[in-house]
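Encoded as structure tokens, here's the structure I'll be asking about.
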Amino acid sequence: MSKTAVVCGGGGFIGSHLVKRLKGEGYWVRAVDIKEQAFSPTVADEYILGDLRDAEIAKRAVTGVEEVYQLAADMGGMGFISGENDSEIMHNSTMINLNIADAARETGTKKLFYSSSACIYPQRNQQDPDNPMCREDSAYPAEPDSEYGWEKLFGERLFKTYGRHHNLDVKIARFHNVFGPEGTWQGGREKAPAALCRKVAQAPEGSTIEVWGKGDQTRSFLYIDECLEGVRHLMESGFGGPVNIGSEEMISINDLARMVIGISGKNLNLVNVEGPEGVRGRNSDNTLIRAKLNWAPSQPLRLGMERTYEWVAAQVKAQIKQTAAAV
Ligand code: NAD
């Protein structure tokens with residue numbers, strides 16, 4: 001008998017890769033999402049196209065499966081989570097989480113994974129681009145810099161409480177900037193790695209690309225395969241988290257842009273323009289994950305960025321061809 005799982009948000013970036021990963025491990029997989037999978041056909045055994053803000057859909061989602069992976073959320077990169085969409089983010093993601101927590105309780109779910117975020121960490125510890133501090137036990141007193149972060153913190157507490165009261169084995173990871181092929185690369189919800197790949201791929205030789213903020217703000221970025229490896233390690237472990245799943249290879253946004261330019265082989269300049277930049281510095285601290293799971297991400301950023309640039313550049317090329325054919 002194969003194991004069974006549902007991936008809520010299984011049509012999204014991380015969710016669709018997780019569906020593939022679980023299928024590869026021999027699982028029977030249900031995916032649930034409000035939209036069809038964007039860039040390739042789903043490999044899920046069952047795909048429910050439905051809104052998890054609807055309690056009945058949430059119940060259908062978790063019924064009859066052993067493992068629930070809750071990744072559905074209203075989210076995006078800095079351009080999306082930095083103010084204008086805050087009420088939708090808080091309302092929609094909270095409703096999804098409440099429905100899934102209740103449905104898991106009602107149907108007797110045994111194991112549930114929840115994707116939290118590095119955005120829960122206090123702003124005060126992320127003011128120095130060279131020395132950010134994101135250790136798991138630094139989350140409180142809480143002071144996230146975005147409503148998205150506050151909502152994730154509430155999600156953590158919600159699932160932990162349901163876990164405690166309803167015999168539910170809850171696993172929580174705080175993802176740090178996950179990237180890779182088949183992630184959103186245009187439209188306003190894209191994150192820095194995909195956005196920079198797009199800008200570079202679209203830029204004519206010798207031109208200049210725009211980078212938001214001063215460019216000295218720092219982050220770390222985790223390739224999708226390593227993210228999933230971490231999720232699976234956590235699910236198979238006796239540890240519940242919250243635990244960081246992120247890379248410790250910190251880089252400034254300008255250096256990330258230069259890396260992408262280098263990968264493209266183009267001769268481009270960059271200019272820093274006003275734009276949302278979030279906290280000044282953020283990096284994963286992997287002390288806890290090493291201690292608890294005996295594992296941590298190790299792949300160099302450049303490798304993942306090469307694969308991602310190749311994929312985004314192919315999307316850009318296909319779009320240009322399509323536009324040319326339409327005129
Ligand atoms: P994503 O936007 O690609 O995936 C989220 C999916 O949830 C989307 O496919 C979306 O359609 C679906 N969804 C939204 N509202 C829904 C609803 N009402 N009903 C059903 N489905 C709904 O984002 P992602 O990058 O794959 O992120 C997955 C999870 O990981 C999210 O919870 C996100 O907050 C978290 N996370 C991601 C990152 C990252 O760097 N990508 C970092 C930290 C945390």
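The values are calculated or read from the model by the stated rules, or taken from the named source; none is laboratory data. Every value quoted in this text rests on a predicted model; they were computed, and no experiment measured them. In this analysis, Cβ positions are derived from the backbone assuming ideal geometry, glycine residues included, and neighbour counts consider all displayed protein chains. Ligands, DNA and RNA are excluded from the accessible area calculation, which covers all protein heavy atoms including side chains. Shrake-Rupley method; radii C 1.70, N 1.55, O 1.52, S 1.80 Å.
State the number of residues belonging to region 144-194 that are part of a helix (DSSP H, G or I) and either open to solvent by 50 Å² or more (accessible area, probe 1.4 Å) or among the hydroxyl-bearing types (Ser, Thr, Tyr) (or both). Walk me through it before giving the result.
Taking region 144-194 first, the residues part of a helix (DSSP H, G or I) are 147-165, 192-194.
Now narrow it down to the ones that are either open to solvent by 50 Å² or more (accessible area, probe 1.4 Å) or among the hydroxyl-bearing types (Ser, Thr, Tyr) (or both): 147-148, 150, 154, 157, 160-162, 164-165.
Adding up the residues that qualify gives 10.
Just name the residue that is most open to solvent (accessible area, probe 1.4 Å) out of those in region 35-48 that are within 12 Å of the ligand (Cβ to nearest atom) and either of a type in the set (Asp, Glu) or in contact (Cβ under 8 Å) with a residue 24 or more places away in the chain (or both). I'd like the intermediate steps shown before the answer.
First pass over region 35-48, keeping only residues within 12 Å of the ligand (Cβ to nearest atom): 35-39, 42, 47-48.
After this cut, where a residue has to be either of a type in the set (Asp, Glu) or in contact (Cβ under 8 Å) with a residue 24 or more places away in the chain (or both) as well, the list is 35-39, 42, 47.
On the way: LYS35: 93, GLU36: 114, GLN37: 26, ALA38: 65, PHE39: 83, THR42: 50, TYR47: 52 Å².
Only one residue tops the list, namely GLU36.
Within region 157-172, does at least one residue satisfy the condition of being near the ligand (Cβ under 10 Å from one of its atoms) and closer than 28 Å to ASP225 by Cβ? Before you say what the answer is, go through the steps one by one.
In the first step, residues of region 157-172 are kept if they are near the ligand (Cβ under 10 Å from one of its atoms); the result is none.
Looking through region 157-172, none of the residues is near the ligand (Cβ under 10 Å from one of its atoms) and closer than 28 Å to ASP225 by Cβ.
In region 241-280, what residues are modelled with pLDDT under 95 and among the acidic types (Asp, Glu)?
Within region 241-280, GLU274, GLU277 qualify.
Just to be sure, is GLY163 closer than 30 Å to PHE39 by Cβ and either of a type outside the set (Val, Ile, Thr) or modelled with pLDDT under 95 (or both)?
Working: closer than 30 Å to PHE39 by Cβ: no; either of a type outside the set (Val, Ile, Thr) or modelled with pLDDT under 95 (or both): yes.
Answer is no for this residue.
Considering region 236-257 alone, what residues qualify as being part of a helix (DSSP H, G or I), in contact with a strand residue (DSSP E or B) (Cβ under 7 Å, 6 or more places away or on another chain) and not polar (S, T, N, Q)? Steps first, answer last, please.
Kept after step one, since they are part of a helix (DSSP H, G or I), are these residues of region 236-257: 236, 253-257.
Checking which are in contact with a strand residue (DSSP E or B) (Cβ under 7 Å, 6 or more places away or on another chain) leaves us with 253-254, 257.
Scanning region 236-257 gives ILE253, ALA257.
Still on this structure, I have one more. Can we say GLU84 is more than 18 Å from the chain's Cα centre (by Cα), more than 14 Å from the ligand (Cβ to nearest atom) and touching a residue at least 12 places away in the same chain (Cβ under 8 Å)? Spell out the reasoning first.
Values: more than 18 Å from the chain's Cα centre (by Cα): yes; more than 14 Å from the ligand (Cβ to nearest atom): yes; touching a residue at least 12 places away in the same chain (Cβ under 8 Å): no.
When the stated conditions are applied, GLU84 does not pass them.
Looking at region 284-323 only, could you name the residues that are part of a loop (DSSP other than H, G, I, E, B) and open to solvent by 30 Å² or more (accessible area, probe 1.4 Å)? So that I can check it myself, show each step before the final result.
We begin by selecting, within region 284-323, every residue part of a loop (DSSP other than H, G, I, E, B); these are 284-286, 294-300.
Once the filter is applied, which keeps residues that are part of a loop (DSSP other than H, G, I, E, B) and open to solvent by 30 Å² or more (accessible area, probe 1.4 Å), region 284-323 yields ASP285, ASN294, TRP295, SER298, GLN299, PRO300.
For region 220-236, enumerate the residues that are of a type in the set (A, V, I, L, M, F, W, C) and farther than 17 Å from GLY183 by Cβ.
Looking only at region 220-236, we keep the residues that are of a type in the set (A, V, I, L, M, F, W, C), and these are 221-222, 224, 227-228, 231, 234-235.
Passing the criteria: LEU234, MET235.
Going through region 120-151 one residue at a time, which ones are within 13 Å of the ligand (Cβ to nearest atom) and without any contact (Cβ under 8 Å) to a residue 40 or more places away in the chain?
Within region 120-151, PRO144, GLY149 qualify.
Considering every residue within region 103-116, establish whether at least one is within 14 Å of the ligand (Cβ to nearest atom), under 22 Å from SER16 (Cβ atoms) and assigned to a helix (DSSP H, G or I). Show your work before the answer.
In the first step, residues of region 103-116 are kept if they are within 14 Å of the ligand (Cβ to nearest atom); the result is 103, 112-116.
Filter once more, so that each one left must be under 22 Å from SER16 (Cβ atoms): 103, 112-116.
The next check asks that each one be assigned to a helix (DSSP H, G or I); those that pass are 103.
Among the residues of region 103-116, at least one is within 14 Å of the ligand (Cβ to nearest atom), under 22 Å from SER16 (Cβ atoms) and assigned to a helix (DSSP H, G or I), which makes the answer yes.
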